[in-house]
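These notes are about the structure you will find just below.
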Amino acid sequence: MASAAVKYMPIHGGTTTTTTATAEIKSFFSSLKPRKTSTFAYAFVITFVSFTLCFAFSPSPNSSSPWFFSPSDNNTSASHFSSTFSYIIPNITSTKPTNTSSDTLVPVSVNSTSPSKNSTLQAPAPENRTPVTKDTTFESPIVNSNNPSQPLFSDKSPTGSSNQTQTTDDDVRNQTAAPSPSKAHVSFVDLTVNSSSSVKQEMEKWSESLKECEFFDGEWIKDDTYPLYEPGSCKLIDEQFNCISNGRPDNDFQKLKWKPKKCSLPRLNGGVMLEMLRGRRLAFVGDSLNRNMWESLVCMLKGSVKDESKVYEARGRHHFRGEAEYSFVFQDYNCTVEFFVSPFLVQETEIVDKKGTKKETLRLDLVGKSSEQYKGADIIVFNTGHWWTHEKTSKGEDYYQEGSNVYHELAVLEAFRKALTTWGRWVDKNVNPQTSLVFFRGYSATHFSGGQWNSGGACDSETEPIKNETYLTPYPSKMKVLEGVLKGMRTPVTYLNITRLTDYRKDGHPSVYRKQNLSDKEKETPLLYQDCSHWCLPGVPDSWNEILYAELLLKLNQLG
């Protein structure tokens, strides 16, 4: 039989210190004469050794303890006990786990004790990826989520770990199992890291040149790399904006881009903009011209994602007491791009007069009914203007209302000022400039020739923009009123003054190409029904969104 010295010979060239110590202990106990004392001493040693061995092979759940070796740690000397126990039990060795696939995402550590509740996930060494930090306290903006407070992508480890602390019964019941790691999941993490850095690079690249630039003083120039998305590629465009599909034969109007005189606008990068919107809500609020802009942006962003099946309408048309709302979800970015129908920004309502007749009125003192739905958005783009030119609003007879008072007659410009003042007060009260950015898009020019939208106005023969500035229309008085209201507000509002740049573009409207199938009445006089106020898509609203993109590159860092 092998001697005790050989049996407990340590590995890795260690010494026989343990054997010597054992011999000294035996010698010590043999010198003890009394039987009771000897029995107590042996019992104490056996208890101590048993406790120590148990403690050594049942490490603390805290993987950060400096006294225990973590299998994912490259530094084997970090454990002060592991080398000691290797002397006693030579067959136990500590090795790093073998990665069976470089495509498998292995979470190394989950730190759930940080006050900020950030979980840091680290990929395996062969992939050489940068750790990604996720904020588990983020509230998802996905409006149709079953659990709106839970992020779309779980921060939990997809596999169990003996180093994780035990969860309570309630935690187990409420926890949703995370999907197993896959190549698609790894690709998403890589994209997050790279895209986040690309946002920073884009901001640094453009910050100086855009800082002192007047975006709205410029000209339209030909660029054959435009449009930013292929005609017919975006199925969500309304029929009235889908001019090429409706038979418009020319397409040069799509190859123009807006060029400010003192700078160049960055080309809208859909991937970068989605990263800027990650975890945020962008809401457009206003009339059908803002819907024009909203559809343009959704199309550009939708064409930038890898999996378009993860871009979907949250719940279709939804009404808030008559005001419709539409929302598109970009699942991989946990963001929404929304549109709220509110053509006046204040409430349309009905009253019953003394004769018992219902009468429509416009409450100049109450903001739109859907305001509670969009006031929490991170970025809000407002507009109003076109509906103030209609007959009822222009005449202002028995239509405008404040409190219980219905004005027998009120000038439309004064009514417009009252309505915008109500809107401005609502913004000052309900929007936090530390967490939200507010934009107001100005009036979009119309180009009806020979009449108005309801009286035979036409623009179907226009295929080129205005090139002589003397043919541009004067600056609208309503926009002067808007500028006065903005100056009196406490909340900073960025004015997207697109009036002049749209005034050049008499060629960009749907005109007779506003629908595919005309009614019998429209077929009799097709040129009588033309749309010279909205815009074809792709088209002019794409440039509005490029300006919004430039503004976000400058201002996004202001958000907390």
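Filter Lys235/Lys257; Lys211/Lys306; Lys205/Lys262 down to the pairs with a C-alpha to C-alpha distance above 27 Å, please.
As for pairs spanning more than 27 Å Cα to Cα, those are Lys211/Lys306.
Might you tell me the accessible area per residue for region 474-514, computed with a 1.4 Å probe and given in Å²? All intermediate terms of the calculation are to be shown ahead of the outcome.
On the way: 1660 Å² over 41 residues.
Here the per-residue accessible area is 40 Å².
Please list, in order along region 272-283, the HN-Hα scalar couplings obtained from phi with the Karplus expression 6.51 cos²θ - 1.76 cosθ + 1.60 (θ = phi - 60°), rounded to whole Hz, x for Gly and Pro.
Ordered by residue, 3J(HN,Hα) equals 5, 5, 4, 5, 5, 8, 3, x, 10, 10, 10, 10 Hz.
How large is log10 I(q)/I(0) at q = 0.16, 0.17, 0.26 Å⁻¹ when the Debye formula is applied to the Cα atoms of region 404-481, each weighted equally and without solvent?
With no solvent term, the Cα-only Debye profile gives -0.91, -0.96, -1.30.
Roughly how many whole Å is it from the C-alpha centroid of region 504-560 to that of region 386-448?
22
Could you state the accessible area per residue of region 320-459 in Å², with a 1.4 Å probe and every protein chain left in place?
Numbers: 5970 Å² over 140 residues.
I get 43 Å² per residue for region 320-459.
Under the rule of at least 5 residues apart or a separate chain, name every residue whose amide H is placed under 5 Å from the amide H of Leu437.
HN-HN under 5 Å from Leu437: Ile379, Ile380.
Determine ³J(HN,Hα), in whole Hz, for all residues of region 428-444 in sequence, where each value follows from phi through the Karplus function 6.51 cos²θ - 1.76 cosθ + 1.60 and θ = phi - 60°; x replaces Gly and Pro.
Those phi angles translate into 4, 7, 10, 10, 8, x, 7, 10, 9, 10, 10, 10, 10, 8, x, 5, 9 Hz.
For Ser197 and Leu518, compute 0.36 nm times the residue count separating them, minus their Cα-Cα distance, and round to one decimal in nm.
The Ser197-Leu518 span can extend by a further 110.6 nm.
Count the net charge of all other residues whose Cβ sits under 12 Å from the Cβ of Pro510, scoring Lys and Arg as +1 and Asp and Glu as -1.
After counting each charged neighbour, the total is -3.
What's the lysine pair count for region 344-481 at a Cα cut-off below 22 Å, pairs eight or more apart or interchain?
Lysine pairs satisfying the spacing and distance rule in region 344-481 number 24.
Residues with amide H under 5 Å of Leu366's amide H, sequence separation 5 or more or different chain, H placed in the peptide plane at 1.01 Å from N; which?
Gln347
I'd like the accessible area for Ile46: 1.4 Å probe, protein heavy atoms, all chains in place, Å² to the nearest 10.
Here the residue's solvent-accessible area equals roughly 110 Å².
Could you work out the local net charge near Lys395, counting Lys and Arg as +1, Asp and Glu as -1, over the other residues with Cβ closer than 15 Å to its Cβ? Before the final figure, lay out each step's value.
On the way: positive: Lys359, Lys392; negative: Glu360, Glu391, Glu397, Asp398, Glu409, Glu414.
Once all neighbours under 15 Å are counted, the net charge is -4.
Roughly speaking, what is the centre-to-centre gap between region 284-313 and region 242-259 when only Cα atoms are used, to the nearest Å?
19
Counting other Cβ atoms within 10 Å of each Cβ, which trypsin sites (Lys or Arg not before Pro) in region 342-436 have at most 12 and sit in a DSSP loop?
Lys354, Lys355
So for region 281-392, what percent of the C-alpha to C-alpha distances run longer than 16 Å?
Numbers: 3895 of 6216 pairs.
Considering region 281-392, 63 percent of its Cα-Cα pairs are separated by more than 16 Å.
Given a 1.4 angstrom probe, I'd like the percentage of the accessible area of region 451-560 that is carbon and sulfur, rounded to a whole number.
Numbers: 2570 of 5210 Å².
The computed percentage sits at 49.
The values are calculated or read from the model by the stated rules, or taken from the named source; none is laboratory data. Fair warning: this is a prediction, and the values are worked out from it, not measured in the lab. Every residue, glycine among them, receives a Cβ derived from its backbone with ideal geometry; neighbour counts consider all protein chains shown. Side chains included, ligands, DNA and RNA excluded: accessible areas come from the protein's heavy atoms. Shrake-Rupley method; radii C 1.70, N 1.55, O 1.52, S 1.80 Å.
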